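The values are calculated or read from the model by the stated rules, or taken from the named source; none is laboratory data. Since this is a predicted model, take the numbers as computed values, not measurements. Cβ atoms come from the backbone with ideal geometry, glycine included; neighbour counts cover every protein chain shown.
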Amino acid sequence: MTITPYFTAAIKSAHLDSDQILMGSNEEALQLMVDCYYQGFDRIILQRENIHAEFFDLKNGMAGEILQKFANYRMQLRII
């Protein structure tokens, strides 16, 4: 996994790039968020390919659970 930092004013974003799925479950999403938070990042930018396909199937609730964690911990997620 490669982390490319982006800095603007008071915001520090982490663009994560990998050949693997980085967010395949709620636990992985939380661990990813914690890792970036401890490095001082406010936002996480992920490629769509690095997120498990189940995230985009809204029937199973995975996206809602993960996005709720991001909201609770005040971390922003960008999917490109």
If you check K69, K12, which single one turns out to be over 9 Å from the mean Cα position of the chain (by Cα) and modelled with pLDDT of 95 or more? K12
Could you list, in sequence order, the residues of region 1-30 that are exposed (fewer than 14 other Cβ atoms within 10 Å of the Cβ) and aliphatic (A, V, I, L, M)? M1, A9, A10, I11
